[in-house]
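Student: Quick one: the structure is below, and I'll ask about it shortly.
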Amino acid sequence: MNLPTSSADDVVWPEDAVEVGRIVDAWGIKGWLKVQPYSSDPQALFSSRRWFIKPSEGPSPGTGKVRTGAPRLLKITQAKDHGDVVVAAVQDIDDRNGAESLKGWAVFISRASFPTADADEFYWVDLIGLAVVNRQGERLGAVADLLDTGAHSVLRVLDETQAEPVERLIPFVAAYIDKVDQTERVITVDWGLDY
């Protein structure tokens, strides 16, 4: 069994690393990995030939033991869609045992490697942390997370300036979102303080 030899000492972890999926199993007998992407459109996995991986938090699947290991760099030679997963061939992993040993590891990609989004498209990771203000200039909080409802995404805005934190769920659709200014790190919305 061959595994990538890179370890935490020789992997330069990107400052803009974003977790994009998890290795769920081996695929075939030639060392291919099966990855469950976190996005319904896993273009980030196809746009980069350098995947950074590290053990996931918690127990290793099927063993109950906490997984340990140094972060690694995988050099991807091929990647393709396979139903609702992505399968990938990795340089220096040439058998099923090597691929299975990475089951449960988290996959990260440098944000700089993501494909360029269209003018009115945004990566969730770029929206988290942005301040949210309404048309009257009142601060509603900051984007803590996004929810996927199937029909559209919903901003989960958290205002922690109050004695009790206030959570607002704002649909991320043109009817409520006036402007997303990533340079100023502000989203302007048509939403009241009392909604």
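Values quoted throughout were computed directly from the atomic coordinates according to the rules given, and no laboratory measurement underlies them. All values reported here derive from a predicted model rather than from experimental measurement. Cβ sites come from the backbone with ideal geometry, for glycine too, and all protein chains shown count toward neighbours.
Student: Given the chain, what count of lysine pairs have C-alpha atoms under 21 Å apart, with each pair 8 or more places apart or on different chains?
Tutor: Lysine pair count for the chain: 13.
Student: For the stretch 17-113, just the Cα atoms, rotate onto the principal axes and tell me the three extents in Å, largest first.
Tutor: Here the Cα extents, ordered largest to smallest, are 33, 28, 24 Å.
Student: Let me ask you something else. According to a simple spin-label model (label point 7 Å from Cα along Cα-to-Cβ), what is the distance in nm between GLN91 and PHE46?
Tutor: Here the answer is 2.2 nm between the modelled labels.
Student: With a 10 Å cut-off between alpha carbons and a GNM built on the chain, which of PRO115, PRO37, PRO165 moves the most?
Tutor: So, out of PRO115, PRO37, PRO165, the one fluctuating most is PRO165.
Student: I want to check the label-to-label distance for ASP120 and GLU164. Put each point 7 Å from Cα in the C-beta direction and report it in nm to one decimal.
Tutor: Calculated label separation equals 3.8 nm.
Student: Simple spin-label model, 7 Å along Cα-to-Cβ: LEU147 to ASP190 in nm?
Tutor: 2.2 nm
Student: Just to be sure I understand: if I project the alpha-carbon convex hull of the chain onto a plane and average over all orientations, what area do I get in nm²?
Tutor: 13.5 nm²
Student: Right, another one. At a temperature of 10 °C and a viscosity of 1.306 mPa s, determine how fast the stretch 124-189 diffuses translationally according to Stokes-Einstein, using the Kirkwood radius over alpha-carbon pairs as Rh; express D in µm²/s, rounded to the nearest whole number.
Tutor: For the chosen part, D equals 134 µm²/s.
Student: Which whole-Hz ³J(HN,Hα) couplings does the stretch 137-150 yield from phi under the Karplus relation 6.51 cos²θ - 1.76 cosθ + 1.60, θ = phi - 60°, glycine and proline marked x?
Tutor: x, 7, 6, 9, x, 9, 5, 8, 5, 10, 10, 9, 8, x
Student: Output wanted: per-residue J couplings in Hz (rounded whole) for the stretch 112-118, from phi through Karplus 6.51 cos²θ - 1.76 cosθ + 1.60, θ = phi - 60°, x for Gly and Pro.
Tutor: Result, ordered by residue: 5, 8, 5, x, 5, 7, 5 Hz.
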